[in-house]
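Student: Structure below; questions to follow.
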Amino acid sequence: MNNNQNIIFYLFENFIKKSLSFVKTNLDGITNRIAINIRARAAIKSVILLIALISGAKPLKKLSKITMILLGVLSLNAQATIFITPKPPAISAAAYIVMDHDSGEVIAAHNADVRRSPASLTKLMTAYVVFQLLKDNRISLKDDVKISEKAWRTGGSKSFVEVGKTIKLETLLKGMIIQSGNDSSIALAEHIAGTEGTFTTYMNKYAEELGMNNTRFENASGLPNENQYTTARDMVILSSATIREFPQFYLWYSEKEFTHHGIKQYNRNKLLWSDHTIDGLKTGFTEKAGYNLVVSAKRVGMRLISVVLGSSSAKARSSQTQTILDYGFRFFETIKIDKFDKKVPIFASTKEQISVGFRTPQTITLSRGQYKLSQQAIVLNSNFKAPINKGDNVGYLALKLNDEDLLKLPIFALENAPEASFFSRLLEKIGF
């Protein structure tokens with residue numbers, strides 16, 4: 001190469017560098033200024049294209065405007081229909097709730113957040129605390145528990161433990177769960193915390209952690225106390241946590257009888273005998289509380305939990321529970337979506353498409369038949385463009401029926417989408 005060629009090359013190289021700097025700094029002004037006429041725009045685009053190609057940039061694949069609209073509402077399964085879900089049955093209990101255990105969806109409720117006296121439903125939390133400490137190996141089912149005079153003298157339902165004697169923790173725990181022994185409850189509380197009063201600190205702390213925002217415990221047994229209260233919603237939260245976290249101990253709630261000291265006593269949840277799909281949880285009664293009942297049942301691939309508070313009799317609480325459970329199982333269904341993984345176009349990236357979907361399997365509860373008839377649409381965030389990192393929330397999967405949203409499930413990037421080079425994005429911006 002001669003000197004003249006070197007000079008020309010140097011000048012051209014210097015021109016390119018200055019042009020690159022100018023374009024990068026003034027891109028928006030160059031491409032968007034209204035005062036520039038069509039010929040000037042075309043000329044600028046040509047210069048930008050020349051500079052970009054010299055720099056080695058590659059044009060990005062251009063997506064049509066229609067594709068972008070379809071990306072916002074990507075129908076996977078569409079069929080319109082008339083669909084009516086019956087209203088929940090009217091029952092005379094003071095409060096109730098029915099919830100799907102797996103999805104957490106509340107199917108029906110009445111006065112679910114009104115504070116009520118829990119009575120022996122309190123023992124659900126007493127047991128939950130014991131389960132937690134067993135899990136942490138802070139106590140053992142084989143522990144010898146000494147029965148205090150306070151525990152022995154406690155009125156109400158009894159497991160007939162004897163003062164001064166030692167009894168295995170497992171026996172006391174079963175006596176409280178199956179037969180609702182008040183004496184067993186207090187003995188367990190004293191063994192764990194020294195006093196029943198200190199034990200309630202555990203109870204209230206775990207209630208707070210579970211999100212039982214309208215519950216306070218003052219004792220371990222559920223005997224009357226003006227400052228002790230709960231709600232139907234809080235009891236369903238506690239019951240669901242017990243089933244989910246301690247399935248090995250939850251089995252005890254389905255046992256129909258308990259024998260200690262030669263005395264056989266029966267579970268007060270009479271639905272265990274009349275409905276084989278019911279496998280727990282607890283009854284409760286005081287004059288103030290009325291008749292309470294928390295149960296769980298599993299049918300047709302779904303588990304429901306119901307809470308009935310303030311019924312007029314033991315027979316009424318069982319009948320009302322059966323009514324709301326039958327309603328839930330008859331008119332609702334729970335679907336588990338193990339995997340959702342779809343490719344969608346991505347802008348300003350080195351990739352043309354990326355995978356989006358769920359990070360974990362999703363469980364949903366809908367009126368029976370709605371899922372099969374629903375329209376499903378991927379709706380991406382308005383700022384969906386590179387760079388995107390794996391795990392970023394990018395929008396949601398919408399389930400619709402007759403143009404109404406049934407629910408929205410968050411979706412996430414399942415892979416990285418690196419940002420394209422400056423000039424590749426520049427070519428995309430100006431339309432190449």
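Throughout, read-outs are computed from the coordinates displayed, never taken from laboratory work. Since this is a predicted model, take the numbers as computed values, not measurements. Cβ atoms come from the backbone with ideal geometry, glycine included; neighbour counts cover every protein chain shown.
Student: For q = 0.11, 0.20, 0.21, 0.22 Å⁻¹, what log10 I(q)/I(0) does segment 99-173 give under the Debye formula with an equal point scatterer on each alpha carbon and no solvent?
Tutor: -0.47, -1.00, -1.05, -1.10
Student: Follow-up question, since we're still on this one. Can you put Glu162, Glu404 in order, fewest other beta carbons within 10 Å first?
Tutor: Final ranking by Cβ density, sparse to dense: Glu404, Glu162.
Student: With +1 on each Lys and Arg Cβ and -1 on each Asp and Glu Cβ, how big is the dipole of segment 268-335 about its Cα centre, in debye rounded to the nearest 20?
Tutor: 140 debye
Student: Here is a follow-up. Tell me which residues come under 5 Å, amide H to amide H, from Leu406 once H is placed; ignore anything under 5 positions away on its chain.
Tutor: Amide H neighbours of Leu406: Leu399, Lys400, Leu401.
Student: By per-residue mean of other Cβ atoms within 10 Å, what is the highest-first order of 123-130, 275-282?
Tutor: Sorting 123-130, 275-282 by mean packing, highest first, produces 123-130, 275-282.
Student: Using θ = phi - 60° and the Karplus relation 6.51 cos²θ - 1.76 cosθ + 1.60, list the HN-Hα couplings for segment 406-413 in order, rounded to whole Hz, with x at every Gly or Pro.
Tutor: Values, residue by residue: 8, 6, 10, 10, x, 10, 9, 5 Hz.
Student: For segment 191-324, list log₁₀ I(q)/I(0) at each q in 0.10, 0.12 Å⁻¹, using the Debye formula over Cα point scatterers of equal strength and ignoring solvent, two decimals each.
Tutor: Results for segment 191-324 at q = 0.10, 0.12 Å⁻¹ read -0.35, -0.52.
Student: Same structure again: Please list the non-local residues whose amide H lies under 5 Å from the amide H of Asp392, H modeled 1.01 Å from N, same-chain partners needing a gap of 5 or more.
Tutor: Ala413
Student: A further question follows. If you place +1 on the Cβ of every Lys and Arg, -1 on the Cβ of every Asp and Glu, and leave all else neutral, what size is the dipole of segment 191-236 about its Cα centre, to the nearest 20 Debye?
Tutor: That gives a dipole near 80 debye.
Student: If you take the alpha carbon radius of gyration of segment 95-311 and divide it by 2.2 N^0.38 Å, what ratio comes out, to two decimals?
Tutor: 0.94
Student: When the dipole is taken about the Cα centre of segment 95-311, and only Lys, Arg (+1) and Asp, Glu (-1) are charged at their Cβ, what size is it in debye, to the nearest 20?
Tutor: 380 debye
Student: Right, next: Any idea what the alpha-carbon Rg over 2.2 N^0.38 Å comes to for segment 323-386?
Tutor: 1.59
Student: Determine Rg/Rh for segment 274-432; Rg is computed over alpha-carbon atoms and Rh is the Kirkwood hydrodynamic estimate from the same atoms.
Tutor: Taking Rg over the Kirkwood Rh, I get 1.24.
Student: Pairs Lys205/Lys315; Lys87/Lys400; Lys123/Lys165; Lys343/Lys408; Lys87/Lys298; Lys174/Lys282: which are spaced more than 24 Å apart, C-alpha to C-alpha?
Tutor: In this structure, Lys205/Lys315 exceed 24 Å between Cα atoms.
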